[in-house]
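What follows is a set of notes on a single structure, which appears directly below.
The values are calculated or read from the model by the stated rules, or taken from the named source; none is laboratory data. All of these numbers come straight from a predicted model, not from anything done at the bench. Counting neighbours? That spans all protein chains shown, and the Cβs are built from the backbone with ideal geometry, glycine included.
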Amino acid sequence: MATFTTDQLRNIALLAHQGAGKTSLADALFFKSGVVDRLGSVNDQTSSSDFEPEEQSKGASIQTAILPCPWNGHKVNVLDTPGYADFKGDMLSALQVADVGVIVISAVSGVEVGASQAWQQCNNRDLPRMIVVNKLDRENTDYRQTLDIITTAWGRECVAVNAPNGLESDFTDTIDLVSPDAESTDAADLRERLIEAVAEADDDLAEKYLETLTLSQEDLTAGLKAGIGSGNLVPIVAAAATSEVGIEGFLNAVCSYLPSPEDQTSAKKPEVAANASANFIFKTSADPFVGKISFFRVYGEPMKGDQQVWNDARGETERVGQIYEPKAKEQVSVSEIITGDIGIIPKLTVTQTGDTLSQKDNPSALPRIEFPEPVFGLAVTPRTQADLDKMAEALNRIAEEDPSLIIHRDPETSQTVIRGLGDVHVETAVARIERKFSVGLDTALPKIAYRETISAVAKSEYRHKKQSGGHGQYGHVVVELAPRARGEGFAFTSKVVGGNVPKEYIPAVEKGVRNAMDGGVLAGFPVVDVGVTLLDGSSHSVDSSGMAFEIAGSFALRNGVSNARPVLLEPVMKVTITTPDNTQGEVMSDLNSRRAQIVGMTPLGDGTTEIEATIPLASMQRYAADLRSITQAQAVFSATLSEYAVVPHMEAGKVIDQYKGTDEEE
């Protein structure tokens with residue numbers, strides 16, 4: 001196997017909206033660089049990148065694949081990330097370790113929402129970018145028109161460095177616009193635009209250009225490389241991945257102009273002390289046979305096998321045995337992974353995605369990955385007793401593999417819920433659990449964690465009196481209930497005077513009141529935001545006890561809630577939706593059908609609009625799938641809990657009937 005140095009490495013993350021041909025491009029790169037002897041195909045389920053059964057059945061990437069492509073004395077690590085919004089977590093993990101974000105645009109569709117979001121993610125990280133205009137072998141495509149669309153959306157710093165050699169319908173190769181030979185072709189004007197862009201990105205080159213109206217080949221090449229590294233220039237190349245056209249031009253541009261790990265000048269590049277080790281875990285895979293597999297990038301000294309390393313985040317030492325280089329679905333045993341390169345460590349014990357492995361006497365901790373909040377959930381239950389025994393471990397392992405999945409036990413509904421970035425994300429996770437760990441799970445939409453409260457002040461009196469031979473039971477309380485502001489919770493005070501309720505029994509009254517608040521009078525949901533004041537009561541010298549006053553407090557609370565105009569509360573989500581302008585009307589109409597309140601609308605200037613709204617959770621449990629349907633998967637959204645609000649009367653009646661019916665069946 002060839003050996004490389006850090007300056008010969010290129011770590012690029014392929015980013016795109018779903019369907020732009022990103023994985024087909026990765027397959028073409030893998031084949032053209034000679035790693036495999038057959039071009040993989042997504043449609044034929046032979047892709048080197050989409051090798052998981054779930055990817056093959058869906059025809060779409062669901063995880064990042066690493067394809068090392070040797071080319072002209074360089075090693076290009078291609079990180080093929082999912083374009084599907086539900087699997088954004090893997091895309092963010094890849095961006096954490098990539099040196100360049102390569103955004104793939106379909107010449108048929110132009111700049112889509114997923115591409116715009118990828119552009120913004122690169123902007124947020126101060127990450128150099130490159131653009132590939134793909135599918136130029138399709139009918140009615142126009143490279144120059146696509147260039148205009150790109151520059152309109154993202155600015156004049158986006159400039160072509162090659163072009164199709166003629167009409168797109170006869171696209172067989174590319175013209176290198178950096179070469180002086182391009183001056184004698186139909187793309188001479190594009191070469192002139194490239195020279196102007198390079199001059200505009202550098203003050204010294206601008207002076208030279210103004211003097212001579214051109215740049216030397218040496219200045220053009222050096223200025224282009226510097227401009228890309230600083231983010232002042234974004235190169236654009238032409239390709240038709242499934243026809244294997246433009247692949248060599250792409251690889252040549254990557255090796256000639258994109259920064260290596262050594263060149264990377266990003267302000268957000270992790271800093272590692274000299275002679276220190278820092279191996280960042282950016283991805284974890286749960287293999288049913290090998291066990292846990294951890295993918296890492298080396299930021300410090302080269303990583304060697306057969307050693308002890310320190311995980312500062314966990315405060316524990318890990319044993320590293322053999323290390324490997326990733327090669328699509330395979331792993332190749334190596335003796336070391338050089339600085340800037342990507343490797344694999346199997347069977348780590350405590351290490352998770354986002355951790356850094358270093359040396360205990362010189363520890364490092366690189367910035368962790370920030371994953372988006374989940375927007376969709378499913379409650380899961382084991383199908384059999386055998387599944388129950390294995391469910392917890394399987395859920396933990398799938399969460400290790402995909403940190404954008406959140407698995408928790410909801411204490412209010414007593415359900416185990418898997419939450420993710422969309423319905424496809426969660427359903428795919430459930431399918432992978434069954435395939436990888438042989439655990440069958442049934443799914444259902446989670447129960448809504450409604451709550452109950454009161455809307456008026458009410459007094460309540462309850463006398464608990466029971467005689468059954470010997471000592472009886474006696475506890476008598478008078479309480480007042482008052483609504484509190486939303487989110488203030490429960491408060492208990494005592495205004496008893498004269499010892500009518502002995503001091504030693506007042507805590508028992510409070511305990512009874514608190515216990516009764518676990519189940520309200522409308523549909524059995526917890527009661528919240530109520531202030532209870534113990535006003536008076538009476539006791540018996542023999543029959544009174546803490547238990548008697550606890551029972552009295554419990555019934556006083558329930559009776560009081562019934563008389564204090566109880567209302568049902570529902571969780572309301574704050575939602576931010578980014579949608580193309582041409583589907584904005586459909587999105588707004590759908591929101592109005594969900595009892596949504598529109599908070600604001602902001603045109604983003606790239607053909608999309610951001611809509612902010614509040615929506616009851618009960619109206620949006622399937623929103624991820626519905627939004628994808630009405631916008632042809634072009635819109636995305638995020639949601640966080642905003643508040644609990646009163647359920648309208650008509651809706652409240654439906655909920656009460658539903659849950660009271662459920663209680664009776666149970």
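Condition check ((1) farther than 30 Å from Q120 by Cα; (2) out of contact with any Gly (no Cβ under 7 Å at 6 or more places or on another chain)) across all residues:
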{"position": "P164", "(1), (2)": "no, yes"}
{"position": "T185", "(1), (2)": "yes, yes"}
{"position": "D202", "(1), (2)": "no, no"}
{"position": "K208", "(1), (2)": "yes, yes"}
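Kindly evaluate R622 against the criterion of being buried (at least 18 other Cβ atoms within 10 Å of the Cβ), under 20 Å from K88 (Cβ atoms) and of a type in the set (K, R).
Answer is no for this residue.
Starting from the stretch 555-569, keep only residues that are in a loop (DSSP other than H, G, I, E, B), then list their pairs with residues that are among the aliphatic types (A, V, I, L, M) whose Cβ atoms are within a distance under 7 Å, requiring at least 6 positions of separation or different chains.
Close Cβ pairs (under 7 Å, with a partner that is among the aliphatic types (A, V, I, L, M)) amount to A564/I454; A564/A456; A564/V457; A564/A458; A564/L481; R565/I454; R565/A456.
If I filter the stretch 598-619 for residues that are assigned to a strand (DSSP E or B), over 30 Å from I149 (Cα atoms) and of a type in the set (D, E), do I get at least one hit?
For the stretch 598-619, residues assigned to a strand (DSSP E or B), over 30 Å from I149 (Cα atoms) and of a type in the set (D, E): absent.
Could you tell me whether the stretch 584-599 includes any residue that is within 38 Å of the chain's Cα centre (by Cα), basic (K, R) and closer than 30 Å to K654 by Cβ?
yes
Could you tell me whether the stretch 330-344 includes any residue that is small (G, A, S), farther than 22 Å from F289 by Cα and in a loop (DSSP other than H, G, I, E, B)?
Taking the stretch 330-344 and keeping what is small (G, A, S), we get 333, 335, 340, 343.
Now narrow it down to the ones that are farther than 22 Å from F289 by Cα: 335, 340.
Now drop any that are not in a loop (DSSP other than H, G, I, E, B), which leaves 335, 340.
Checking the stretch 330-344: at least one residue is small (G, A, S), farther than 22 Å from F289 by Cα and in a loop (DSSP other than H, G, I, E, B).
Here is a yes/no grid of residues against (1) closer than 18 Å to K447 by Cα; (2) charged (D, E, K, R):
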{"residue": "A564", "(1), (2)": "no, no"}
{"residue": "M573", "(1), (2)": "yes, no"}
{"residue": "E610", "(1), (2)": "no, yes"}
{"residue": "V636", "(1), (2)": "no, no"}
{"residue": "E651", "(1), (2)": "yes, yes"}
{"residue": "K654", "(1), (2)": "yes, yes"}
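Would you pick out the residues in the stretch 53-85 that are under 22 Å from V234 (Cβ atoms), in a strand (DSSP E or B) and in contact with a Ser or Thr (Cβ under 6 Å, 6 or more places away or on another chain)?
Within the stretch 53-85, C69, W71, L79, D80 qualify.
Of (1) exposed (fewer than 14 other Cβ atoms within 10 Å of the Cβ); (2) closer than 30 Å to P603 by Cα; (3) at pLDDT below 95, D148 satisfies all except one. Which?
Condition not satisfied by D148: (3).
Residues of the stretch 524-554 being hydrophobic (A, V, I, L, M, F, W, C) and surrounded by 20 or more Cβ atoms within 10 Å (Cβ to Cβ), which ones?
Within the stretch 524-554, F525, V527, V530, V532, L534, A548, F549, I551, A552 meet the criteria.
State which residue pairs qualify: first residue within 14 Å of S589 (Cβ to Cβ) and at pLDDT 90 or above and inside the stretch 618-631, second residue part of a helix (DSSP H, G or I) and of a type in the set (V, I, T) in any location, beta carbons under 8 Å apart, and separation of 6 or more residues or different chains.
Listed pairs, sorted by first residue: L627/V587; I630/T583; I630/V587.
When F4 is evaluated against the numbered criteria (1) assigned to a loop (DSSP other than H, G, I, E, B); (2) assigned by TED's automatic domain parsing to the domain that holds M91; (3) not basic (K, R), which criterion, by number, is the only one it fails?
If we test F4 against (1) assigned to a loop (DSSP other than H, G, I, E, B); (2) assigned by TED's automatic domain parsing to the domain that holds M91; (3) not basic (K, R), just (2) comes out false.
Conditions tested, residue by residue: (1) among the β-branched types (V, I, T); (2) over 27 Å from P82 (Cβ atoms); (3) out of contact with any Gly (no Cβ under 7 Å at 6 or more places or on another chain).
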| residue | (1), (2), (3) |
| --- | --- |
| N559 | no, yes, yes |
| S562 | no, yes, yes |
| L569 | no, yes, yes |
| K574 | no, no, yes |
| M601 | no, yes, yes |
| E612 | no, no, no |
| S619 | no, yes, yes |
| Q634 | no, no, yes |
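With a cut-off of at least 1 residues that are out of contact with any strand residue (DSSP E or B) (no Cβ under 9 Å at 6 or more places or on another chain) and assigned by TED's automatic domain parsing to the domain that holds R558, name the strands (runs of 3 or more DSSP E) lying wholly within the stretch 411-502. Step through it out loud before you land on a result.
Working: elements: 415-420, 441-444, 451-454, 458-466, 473-483, 491-494.
Correct list: empty, since no element meets the threshold.
Only one of these conditions is not met by E330: (1) in contact (Cβ under 8 Å) with a residue 12 or more places away in the chain; (2) under 23 Å from D80 (Cβ atoms). Which number is it?
Only one criterion is unmet by E330, namely (1).
Which of the residues belonging to the stretch 210-225 are buried (at least 20 other Cβ atoms within 10 Å of the Cβ) and more than 19 Å from V254 (Cβ to Cβ)?
L215
Criterion first (in contact with a Gly (Cβ under 9 Å, 6 or more places away or on another chain) and either charged (D, E, K, R) or surrounded by 22 or more Cβ atoms within 10 Å (Cβ to Cβ) (or both)) does I228 satisfy it? Spell out the reasoning first.
Numbers: in contact with a Gly (Cβ under 9 Å, 6 or more places away or on another chain): no; either charged (D, E, K, R) or surrounded by 22 or more Cβ atoms within 10 Å (Cβ to Cβ) (or both): yes.
So I228 fails the test.
Right, E325: surrounded by 18 or more Cβ atoms within 10 Å (Cβ to Cβ), in a strand (DSSP E or B) and among the acidic types (D, E) or not?
Yes.
Filtering the stretch 163-209 down to residues that are of a type in the set (K, R) and closer than 20 Å to T151 by Cβ, which residue is surrounded by the most Cβ atoms within 10 Å (Cβ to Cβ)? It would help to see each step written out before you state the result.
Let us first name the residues in the stretch 163-209 that are of a type in the set (K, R), namely 191, 193, 208.
Right, trim to closer than 20 Å to T151 by Cβ and you get 191, 193.
Values: R191: 24, R193: 17.
Within the stretch 163-209, the match that is surrounded by the most Cβ atoms within 10 Å (Cβ to Cβ) is R191.
Hey, any hits in the stretch 292-312 for a residue that's farther than 27 Å from A394 by Cβ, assigned to a strand (DSSP E or B) and within 25 Å of the chain's Cα centre (by Cα)?
Looking through the stretch 292-312, at least one residue is farther than 27 Å from A394 by Cβ, assigned to a strand (DSSP E or B) and within 25 Å of the chain's Cα centre (by Cα).
Please verify whether the stretch 443-459 includes one or more residues that are touching a residue at least 60 places away in the same chain (Cβ under 8 Å) and among the acidic types (D, E).
The first filter runs over the stretch 443-459 and keeps only residues touching a residue at least 60 places away in the same chain (Cβ under 8 Å), leaving 443-459.
Now narrow it down to the ones that are among the acidic types (D, E): 452.
Looking through the stretch 443-459, at least one residue is touching a residue at least 60 places away in the same chain (Cβ under 8 Å) and among the acidic types (D, E).
Just wondering, is there one or more residues in the stretch 478-492 that are out of contact with any Cys (no Cβ under 8 Å at 6 or more places or on another chain), within 24 Å of K660 (Cβ to Cβ) and exposed (fewer than 15 other Cβ atoms within 10 Å of the Cβ)?
no
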